[in-house]
Amino acid sequence: MGKRLTNRQTFNQTNLQDVPDQSGIYLVRNKKGTCQYVGSAGAGRLAERLREHLSQRDIPAAYSFQIRTTSSENEARKLEREYKRRYRPTHSP
């Protein structure tokens, strides 16, 4: 992993179990596939951040997610900025 976004997975607890505890970015999409949110997580918190969004339901139309792991928190932040420009998410919790 690390070079590309993963395939889309439905946003639920079962699929979140497969998310690695690494640094990286994540895209949350609605049912139509529109990017709702782009976030980053560092210091091995990728899975934790996605679980927080799911449990708090702070992205109302969240349906699926994609991730991309990185080797550092700084790299994750740079990618987050790039992906926000590229995908123009429609929501910010």
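Inclusion of Ala43 among residues that are of a type in the set (A, V, I, L, M, F, W, C), surrounded by fewer than 13 Cβ atoms within 10 Å (Cβ to Cβ) and either part of a loop (DSSP other than H, G, I, E, B) or at pLDDT below 90 (or both) is warranted. Looking at this structure, is Lys32 surrounded by 14 or more Cβ atoms within 10 Å (Cβ to Cβ), of a type in the set (Lys, Arg) and either in a loop (DSSP other than H, G, I, E, B) or touching a strand residue (DSSP E or B) at 6+ places or on another chain (Cβ under 6 Å) (or both)? No; evaluated as a whole, the condition is false for this residue. The residues listed here are Glu48, Glu75, Glu82; of these, the one that is without any contact (Cβ under 8 Å) to a residue 12 or more places away in the chain and of a type outside the set (Val, Ile, Thr) is Glu82. Within the range 76-93, the presence of at least one residue that is in contact with an Asp or Glu (Cβ under 7 Å, 6 or more places away or on another chain), surrounded by fewer than 18 Cβ atoms within 10 Å (Cβ to Cβ) and not in a helix (DSSP H, G or I) is confirmed.
The values are calculated or read from the model by the stated rules, or taken from the named source; none is laboratory data. All values derive from a computational prediction rather than experimental measurement. Cβ atoms come from the backbone with ideal geometry, glycine included; neighbour counts cover every protein chain shown.
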